[in-house]
Amino acid sequence: MTVTSTDRPRADAPSGAAPSPLLEIDDLRVHFVTSRGVVQAVDGVSYKVNPGEIVAVVGESGCGKSVTALSVMRLLAKPAGQIVGGRVLFQGRDLLTLDDEQMREIRGRDIAMIFQEPMTSLNPVLTIGLQIMEPLLIHMGMTEAQARARAVELLGLVGITDGERRLDQYPHQFSGGMRQRVMIAIGLACNPKLLIADEPTTALDVTIQAQILELMRELSQRLGIAMIFITHNLGVVARYADRINVMYAARIVEQGTAAAVFAKPLHPYTVGLLRSVPRLDRPRDARLATIEGLPPNLLDPPTGCRFAARCAAKMPICDPPPFGVPSRRRARPRRRRAARARHRAGRRRGRRQEPSRAAAARGRPPQEILPHRAQRSGPRSPHGARGQRRHVRGLSRRDRRAGRRVGLRQDHDRAQHPQARRSDRRRDQV
Ligand SMILES: Nc1ncnc2c1ncn2[C@@H]1O[C@H](COP(=O)(O)OP(=O)(O)OP(=O)(O)O)[C@@H](O)[C@H]1O
Ligand code: SF4
Ligand SMILES: [Mg+2]
C-alpha cells in the first residue's frame, strides 16, 4: 500500500485545476529473467511529474529506482529486462507503445538521463566534444560549428574551464567528478522537457555537488525543465525536491510533497530513513538510528507488507491473510494436497459409480502374452535401468527371469498408437 502524505500545491503552481502531468508512470511492472528465477524489480510503481517540477525518488539500494527510470527511457538490459505491465505516459503518449525510431526521437531531445555510473557511461574511444555535440547535431539540427560553440558553453555551465581544449580530450583524461559533469552537460544539451538524474552528484566533492545541484535547480526554474532526482541523500531531497516518492522492495510505499513527508512521515520505513540521517541538533554522542535487517529478495518477495520483517510498528493485522494470494513456492504443497484429495475422491467415486480403468481392462478380451528377448541396445538411464518395468498379472516366475522380458500385445489399443506400432514391429522382427 502506498501512503500519500497530504499534498500541498507548489507555491508557483497555478491555482485552480491541477496541471496535466508531463510524465505519468502508471502501475509499472518490470521483471528480469535470470538463471535463478524472475527478479520482480518493479512491482506496480505509479507516480507523476508535473512540468517544471523536481520529483525525488529515494529508497534503499536495489529497490528499483534506476530500473523504473530506465524503463521510462526504454533502455532496460535486453533480453533479461522485460516491462510486463503498466503505462508510461509522456505528454499523453504511452512510451511503451512507440517503436524504436519514435523512441529515439524522444530520447535525448525531450527526455534526457544522467546515468548513475559516469565512469562507464561515456564512450572511451570518442572525444568529449563529439559526445556532447552528438545530440545537438541529431536533434537540434545545428551545424558542426554551432554545436561546438554550444558544447563549450555547456562545459562552462557545469564548471569545466578551458572548454575549447577540453572538447578534444577523451574521457580517461577527465577526473571522475569531471566526467559526471560532462554527463550533466550532455543531459542538458537539448534543453529537455524532462531530465532524469540518477544519483548525479555521487562522485563529486561537497562544494561541487552543491554548485551542480544549484545549477540544476536554476535551469529547472529558468527553462521549466522537470526533473526526476534519484538519490540516497535526504539532505538534497529536503533542499531541492518539490515532491518525494519513497520506494521499498520494488514498490512505492509513500509519496507526497517534500514538505509534508519531512514534516510528518507516515510509513514506518520513511520514519526509519529520516531517523537515520545525521542531524546537527542532536547530541554528538547520540547513536544514529538504523533499520535492522535487510530488504526482501525480489526473486521471491513476501506476500502482504514487504517491510513487515523489519517494521518496529508491526501489528497482528499486518500479517498476510492465511488464504491470501500465495507465492508459487508456498502454493506447491497446497496444490499437491489438493491434487491428492481430488485423486482420493475420484477413487471413491470410481468404486461407487463407474468402473476404474483396471476394472474396464478386466472386461476386455484376453490379451496374448508373448515372451521375447530384451533389447540389448538403447540408452541406459543414469540409474542403470533399461526402461520402465510393467507389472503383468499372471506371469510365472520363469517369465520373470533375468534377461527375459515379456511383451504385452494389446492389438486393439496399441494399433491406434504409431509409436506402439513401431515398437511392436521391431519386437516381431526379433
Ligand atoms: N540486468 C539485471 N539483471 C537482473 N536483475 C537486475 C538487473 N538490473 C537490475 N536488477 C535488479 O533489479 C532490482 C532493482 O535494481 P535497481 O538498479 O533499480 O536498484 P536501485 O534502487 O537503483 O539501487 P541503487 O540505489 O543501488 O542504485 C535489484 O534487485 C537488481 O538486482
Ligand atoms: S508491518 Fe504493518 S505497520 Fe509496519 S509497514 Fe507493514 S503494514 Fe505498516
Ligand atoms: Mg540505481
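Details
- If you go through the stretch 177-214 and keep only what is modelled with pLDDT under 85, among the hydrophobic types (A, V, I, L, M, F, W, C) and within 16 Å of ligand 3 (Cβ to nearest atom), you end up with just Ala203.
- The set of residues in the stretch 297-320 that are within 16 Å of ligand 1 (Cβ to nearest atom) and more than 23 Å from Ala56 (Cβ to Cβ) comprises Asn297, Leu299, Asp300, Pro301, Pro302.
- Taking the stretch 118-138 as the range and being surrounded by 19 or more Cβ atoms within 10 Å (Cβ to Cβ) and free of Cβ contacts under 8 Å to residues at least 60 places away in the same chain as the test, the residues that pass are Ile128, Gly129, Gln131, Ile132, Met133, Pro135, Leu136.
- Residue selection: Glu254 satisfies the criterion of being modelled with pLDDT of 85 or more, in contact with a His (Cβ under 8 Å, 6 or more places away or on another chain) and on the phi < 0 side of the Ramachandran plot.
- Top-ranked residue in the stretch 49-76 [being polar (S, T, N, Q) and more than 8 Å from ligand 1 (Cβ to nearest atom); ranked as farthest from Ala250 (Cα to Cα)]: Asn50
- Residue, nearest to Leu266 (Cα to Cα), within the stretch 295-323, restricted to residues that are in a helix (DSSP H, G or I) and at pLDDT below 90: Cys318
- Flag for Met178 being touching a Lys or Arg at 6+ places or on another chain (Cβ under 8 Å) and outside any strand (DSSP E or B): no
- Extreme residue, nearest to ligand 3 (Cβ to nearest atom), among residues of the stretch 58-90 that are within 12 Å of the chain's Cα centre (by Cα) and in a strand (DSSP E or B): Gly81
- One residue from Phe174, Phe229 being closer than 24 Å to Ile132 by Cβ, within 16 Å of ligand 1 (Cβ to nearest atom) and hydrophobic (A, V, I, L, M, F, W, C): Phe229
- Scan of the stretch 154-187 for residues that are surrounded by fewer than 22 Cβ atoms within 10 Å (Cβ to Cβ) and of a type in the set (S, T, N, Q), ordered by number: Thr161, Gln169, Gln173, Ser175
- Residue that is in a loop (DSSP other than H, G, I, E, B), touching a residue at least 40 places away in the same chain (Cβ under 8 Å), away from ligand 1 (no atom under 16 Å from the Cβ) and buried (at least 22 other Cβ atoms within 10 Å of the Cβ), where the choices are Pro192, Pro200: Pro192
- Any chance Gly108 is in contact (Cβ under 8 Å) with a residue 40 or more places away in the chain, buried (at least 18 other Cβ atoms within 10 Å of the Cβ) and within 20 Å of Asp198 (Cα to Cα): yes
- Of the residues making up the stretch 219-261, those that are part of a loop (DSSP other than H, G, I, E, B) and either of a type in the set (A, V, I, L, M, F, W, C) or under 21 Å from Glu117 (Cα atoms) (or both) are Ile225, Thr231, His232, Asn233, Ala241, Ala249, Ala250.
- All of (1) touching a Ser or Thr at 6+ places or on another chain (Cβ under 8 Å); (2) in a loop (DSSP other than H, G, I, E, B) hold for Pro124 with one exception: (1).
- Some residue of the stretch 289-299 being surrounded by 11 or more Cβ atoms within 10 Å (Cβ to Cβ), more than 24 Å from Ala238 (Cα to Cα) and free of Cβ contacts under 8 Å to residues at least 60 places away in the same chain: yes
The values are calculated or read from the model by the stated rules, or taken from the named source; none is laboratory data. Keep in mind it's a predicted model, so treat the numbers as computed, not measured. Positions of Cβ are backbone-derived with ideal geometry, glycine not excepted, and every protein chain shown enters the neighbour counts.
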